[in-house]
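We did not get these values from a lab; they are worked out from the coordinates using the rules stated. This is a predicted model, so every value here is computed, not measured. With ideal geometry, Cβ positions are generated from the backbone for all residues, glycine too; neighbour counts draw on all protein chains shown.
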Amino acid sequence: MQFTNAPLKEVLDHLASLTAVNLHLDPQGLAEEGIGTDTPVTINLRSDIMLRSALNLILDPLHLSYVIKDDVLKVTSERAREGQIYAKTYNVADLVMPIPNFV
């Protein structure tokens with residue numbers, strides 16, 4: 001993967017086609033960071049790496065991040081990514097059950 005001053009959208013579209021992953025650029029998240037789809041990106045990788053690593057190398061300098069939501073890999077701002085709250089339910093019944101006294 002070698003790009004020199006290529007538009008961000010072109011680089012991410014290339015990654016999406018290589019990996020067969022649905023990718024969505026969040027316009028609101030990009031606008032928060034003042035980034036456009038035509039922002040130039042330069043990356044030079046001579047061997048294959050994981051998609052996660054490639055995305056981090058491309059997005060970190062632009063203060064962007066990604067999240068998997070609604071069955072797509074969504075590229076957005078770091079602030080929007082950190083604002084995501086996920087509900088997780090844990091069974092804590094064993095914490096409130098009385099312990100028998102074996103005398």
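At-a-glance table
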item	result
Helix-derived mean residue ellipticity, 222 nm - over the chain, DSSP H n ≥ 4, -39500 (n - 2.57), to 500	-9000 deg cm²/dmol
Whole-number percent relative contact order across the range 17-103, with pairs defined as alpha carbons under 8 Å at least 6 apart	34
Neighbourhood net charge (13 Å Cβ-Cβ; Lys/Arg +1, Asp/Glu -1) for PRO61	-3
Loop sites in the range 1-95: trypsin sites (Lys or Arg not before Pro), DSSP, at most 16 other Cβ within 10 Å	ARG46, LYS88
Counting DSSP beta bridges with both ends in the chain, the antiparallel % (nearest 5)	75
Straight-distance crosslink candidates among aspartates and glutamates, where the alpha carbon sits under 14 Å from LYS69 and sequence neighbours closer than 8 are dropped	ASP26, GLU82
Calculated log₁₀ intensity ratio I(q)/I(0) where the Debye formula runs over C-alpha points of the range 17-77, q = 0.16, 0.17, 0.26, 0.27 Å⁻¹	-0.53, -0.60, -1.28, -1.33
